[in-house]
Each structure stands twice: as structure tokens, then as C-alpha cells.
Amino acid sequence: MRALAEFIMRGRVQAALVAFFGNLLPLVSPAAVSLVTLSKGLSEGALLTLWALLPLLIAFFVSDINALVTLSSIVGVIGVMVASEVLRVSTSWARTLVFVVVFSGVAALVLNFLFAEQAKEFELVVADLFREIQQQQENAFIPERNFLLGVIGYVIALTSVICLVLGRWWQAMLYNPGGFKSEFHQLRLGAGSAAILVAGVVACNVASQEFSSWVGLLGIPLLLGGLALVHYTVAFYQLGGHWLVIFYVVLFTVSPLSLVLIGLGFLDSIMNIRSRLVRRSQ
């Protein structure tokens, strides 16, 4: 990974090659955009974004894939670039994550408004797929437009966050060893932002199942805050990396744990649990 990051930062030609051909592999192209934007600013990041978007634009005009899927990928790359600039200027992960959620949600709604016909086609395809999978079930859930928009927003936000994390990690690896670790350990949302996100999560859970997909989107910043607190606690008590491995295995196998992390991220934003841990250790 370090070799790839060094190659990207060697010059515009090398970065453009990775951005263009990186679309053949998941996350590589937008992560390259993130690294360049974080390290060299918005102008260089925007130039590289054009190379990253070129294969997607070609696919949009010549591929048989539903246009909404390709457009979501295009919006995702743009979102990574802008979010990287927000992080570079503000140096605040909390503000950046909130921006990513707002951008992704608005982007999903705008795509639905501008490309209603393609959205309808995508909705019909997904509905048919769900009917086929749930043939034997009496109360089968057939997703409609609101559910699919939440999924689109969630996918845009999740890929943006992953690429942003990867870009920041590459940057720290090259120019500030250990910087990403300490930065991530201190990730904590403001109380106001956390309260609004939790209210949204609760509202979507209380509402019909059609809005359940929006829970994942709204919960991303709080989930990251909970993960950051777990990483900080493991490092603070010097528990060893194997505990993190166990934690992630449980996280990916026990779905309710993600809701626990969202709650933990909210509590940390209100109580500042890290400072309490430091005081108790003194």
C-alpha cells in the first residue's frame, strides 16, 4: 500500500494512471483522489477527479448498466474529493463526517429528481429481485423508492468514508507516521450534531420499514465515533491488537452491535468518555 501511495504522489501522470485504471479495483481510484486532495489541495484533486470520472462517464454512455448505478459512482467520487478538502481545511473528522452524510443524502434525492425514469427502472428491477428471493414468505418486504434512495445515500457515504480513511492513512504513512492513529483515536462528534443524528435514527426506526435504510446513512458518523472510542480504549489500556480482531469479527457477525456502537458514539459526544478514562487512571 505504501508503494502505491508513493507512486500516486510521484507526479500528475502517475496519479492520473492510478485514478483512471483504479476503477478496475474497488475504492482505489477515489482513494487516490482523496490522497492528492488532502496533500496538494482542491485544484490538484479536481484535476485528478476528471481522470477518475472518465471511465465512469464512458460507462454511463455505452454500458447497459442502469444509469442510476453509474451516476451514484460518479457522485461518490466527487463526494470524496469535496470531503477530502473539507477535512484538509477544517482538520475535523466530526465536521467532515457530518458533511458526508448530508452530501450523500441530498445527492440521492437530487439523482431521484433529475433521473426519475432511471430510478423507476432500478426500483422495478430491485422489486422483482426481492419477490423472487422471498417467494415462500407471507409478509415479504418489497422495497420502494424511499428505501432505495436510502440505500443509494448509504452506499455513497460509506464508500466516501472508506476512501477518505484510506487516503488519510496513506498521507500519514508518507508524511506523518502515526498521525492517523492519534487523529482517529480522538474522533468525537459534537453534542448538537450527535443529537440531531440520533433523532433521525430513532425517527427512521419508528417510521415504516421503507425508511429503515436511512438509519445506516444517519448512523455512519456515530458508528465511526464508537469505533474510534473502542480503538482508543484498547490502546489506552494496552490490551493488544488481538482484541480489536475479535471485536471486528463480532461486529461483522452480530448486526445489533452496530446499533450499540451508534449509541456509544452518541454517549461519547455527550460525556467525553476519553477524558473520564484519563482522570480515573490518575
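Quick note: the coordinates plus some simple rules give every number you see, no bench work behind them. Treat the numbers as computed from the prediction; the structure is a model and nothing was measured. We place every Cβ from the backbone using ideal geometry, glycine too, and count neighbours over all the protein chains shown.
What shape does segment 188-282 have by the C-alpha gyration tensor, where a ≥ b ≥ c are the square roots of the eigenvalues, rounded means a/c under 1.5, and otherwise prolate means a/b greater than b/c and oblate the rest?
On the way: a/c = 3.44, a/b = 1.47, b/c = 2.34.
Note, shape of segment 188-282 comes out oblate.
Suppose R0 equals 22 Å; then what is the FRET efficiency for Arg280 and Leu244 from their Cβ-Cβ distance, rounded to the nearest 0.05?
Values: r = 22 Å, r/R0 = 0.99.
Using R0 = 22 Å, I get an efficiency of 0.50.
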Subject >> Within the chain, helix-based [θ] at 222 nm, where runs of 4 or more DSSP H residues each add -39,500 (n - 2.57), nearest 500 >> reply: -27500 deg cm²/dmol
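Given an 8 Å cut-off on Cα distances and at least 6 residues of separation, report the relative contact order of the chain as a percent.
On the way: 355 pairs, mean separation 50.4, N = 282.
About 18 percent, as a whole number.
Going highest first, how would you order 33-40, 158-165 by mean Cβ packing within 10 Å? Write down the numbers at each step before the final one.
Details: 33-40: 25.9, 158-165: 22.4.
Going by the mean number of other Cβ atoms within 10 Å, highest first, we get 33-40, 158-165.
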**OP:** Select from segment 97-184 those GluC sites (Glu not before Pro) which occupy a DSSP coil region and have at most 10 other Cβ atoms within 10 Å, ordered by residue number.
**Re:** Glu138
Original post:
Of Asn205, Asn176, Asn23, which is the most mobile in a GNM of the chain whose springs link Cα atoms less than 10 angstrom apart?
Top reply: Asn176
Subject >> Coordinate range along principal axes, alpha carbons of segment 1-185, Å, largest first >> reply: 56, 38, 29
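Round to the nearest 0.05 the FRET efficiency obtained for Asn272 and Ala203 when R0 = 30 Å and r is the Cβ-Cβ distance.
On the way: r = 26 Å, r/R0 = 0.86.
Rounded to the nearest 0.05, the efficiency is 0.70.
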Original post:
Quick one: Karplus J couplings for segment 253-263, per residue in order, coefficients 6.51, -1.76, 1.60, θ = phi - 60°, nearest Hz, x for Gly and Pro?
Top reply: 10, 10, 4, x, 4, 5, 5, 5, 5, 4, x
